[in-house]
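See below for the structure under consideration.
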Amino acid sequence: MVATGKVIVALPVKNEEAVIRICLERLRAQTQKPDVILLLLNNCTDLTLRICTAAQRDAPDIRIENYELSGVDASAGEARRLALGHAMGLADGLVLTTDADALPDHTWIADNVAQINAGADVVCGMAEIDPADLHQLTDRLISADRRERSLLKIIDQITSSIDPDPADPWPRHQQNSGASIAMKSGFLHRIGGAPRVPSGEDRALIEKLRHVDARIRHAPHIKVIVSGRLEGRAAGGMAETIRRRLIKADEFLDEAIEPVVDVYRRAKARAALREVRDGQCSATLFAQDLLIRQDTLHRALDSPFFGAAWAEIERESPVLRRRRVPTSHLSRETRSAQILLQRIKNTRAVQQPKPRSVFGGFAVGHAP
């Protein structure tokens, strides 16, 4: 059982007559039962509402909210925001969200609750494409996705080595997918609810939770199966991405991937900010290294939350400006990441003197 409060599962639903029944069956067959399954139906023109209403007659734990969204609000992001808003208004406890085409394992809720009880405030699970849908994907697309994920994993190992997160130790994964997120409702209240964005709402939600120092765990053993359909329900969603990449590779890799030198620089700066806040590192040198004004740094340090302070530093420092990686650079960046990770491991095996600058004596433009 969750330490305190109710367990509520909230999911946006749009024209899901083909899959919503089995999704509900999976949720109601969990080893730990949810107190409420909240369905946020939006702009449904098929039999979804009828199917959900029929299911509700046999399952009083199902609650239906039906919306007709229009204009800029007719988006997956707004539907998720509304679903989570209703969920956090029902009771204090744990709010989980997934997708209507997702098939969670029978221990999905119990596994998330266990992570919360172990100290996490937020738990991100993994979304994996249904093997039955892989036949739609080309070998080129599958290979490209595998290589991109491999690079992202090495990048995350580099980050974890330089600036470890006690709440999210290795091994972990790198997804922030709306198909599997669990969070304490108190943190949803703390951030004023889910962000209002048309798409990418899952990443925006996790980023907002970071700003208030939520302990976020990326649990690799918590997984849900999602469809690999090519006709999705949301602009900017997985289906659109798959369909686009089947025709032609994107010009840039996933936005979570940046040049390896930037990965190194960002992780070192974040680790140094922790030391500045603790009085273990010179604020003056920190500001100089990141090319920010002293008053900017002091304003950031006034925040009670490290996450908010870091967001301010990232926004103001030209040294930390984000850059995308061209798809054509994937192999080169992977080699660079592998070399850097090995050097970090070798360096950690040798006692090193504490560096005076944020970047450990290396020039701003270069990784070790």
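Any read-out appearing in this document is the output of simple, stated calculations on the displayed coordinates, not a laboratory observation. In this text the structure is predicted, and so the values were computed from the model without any measurement. When we count neighbours, we look across all protein chains shown, and the Cβ atoms used for this are built from the backbone with ideal geometry, even at glycine.
Kirkwood Rh and Cα-based Rg: tell me the resulting Rg over Rh for the stretch 36-83, rounded to two decimals.
On the way: Rg = 11.4 Å, Rh = 11.3 Å.
Rg/Rh: 1.00.
In whole Å, what are the Cα extents of the stretch 38-149 along the three principal axes, biggest one first?
Largest to smallest, the principal-axis extents are 44, 41, 32 Å.
Could you give the spread of the C-alpha atoms of the stretch 260-348 along their three principal axes, from largest to smallest, in whole angstroms?
Each principal axis gives a Cα extent; for the stretch 260-348 these are 41, 30, 22 Å.
Using the per-residue mean of other Cβ atoms lying within 10 Å as a proxy for protection, in what order, highest first, do the peptides 90-99, 316-325, 150-159 fall? Could the numbers behind the result be given before it?
Numbers: 90-99: 22.8, 316-325: 14.4, 150-159: 19.2.
The densest-packed peptide leads the list: 90-99, 150-159, 316-325.
Is there a pair in Lys33/Lys184; Lys6/Lys33; Lys268/Lys345; Lys184/Lys208; Lys208/Lys345 whose C-alpha atoms are over 22 Å apart, and which pairs would that be? Each step should come with its number before you reach the end.
Values: Lys33/Lys184 17 Å; Lys6/Lys33 10 Å; Lys268/Lys345 15 Å; Lys184/Lys208 14 Å; Lys208/Lys345 32 Å.
Result: Lys208/Lys345 exceed 22 Å.
Rounded to the nearest 5, what % of the DSSP beta bridges within the chain are antiparallel ones?
Details: 10 of 34 bridges.
Looking only at bridges with both residues in the chain, the antiparallel portion is about 30 percent.
Using only helices, what value at 222 nm comes out for the chain when you add -39,500 (n - 2.57) per DSSP H run of length 4 or more and divide by the total residues, to the nearest 500 deg cm²/dmol?
Details: 13 runs with 158 residues, N = 368.
About -13500 deg cm²/dmol.
Under a 10 Å cutoff between Cα atoms, tell me which one of Lys208, Lys268, Lys184 has the largest fluctuation in the Gaussian network model of the chain.
Answer for the Gaussian network model of the chain: Lys268.
Looking at the square roots a ≥ b ≥ c of the eigenvalues of the Cα gyration tensor of the stretch 1-81, which shape do they give, rounded for a/c under 1.5, prolate if a/b is larger than b/c, or oblate? Each step should come with its number before you reach the end.
Numbers: a/c = 2.39, a/b = 1.44, b/c = 1.66.
Judged from the Cα gyration tensor, the stretch 1-81 comes out oblate (a/c at least 1.5, b/c at or above a/b).
Please list the radius of gyration and Dmax for the chain, considering alpha-carbon atoms only, with Å as the unit.
21.8, 68
Assigning unit charges at the beta carbon (Lys, Arg +1; Asp, Glu -1) and nothing else, what dipole magnitude in debye, to the nearest 20, does the chain show about its Cα centre?
Working: 52 positive and 48 negative charges, 237 e Å.
That gives a dipole near 1140 debye.
Note down the relative contact order for the chain as a percent, whole number, built from C-alpha pairs under 8 angstrom at least six residues apart.
Relative contact order here is 18 percent.
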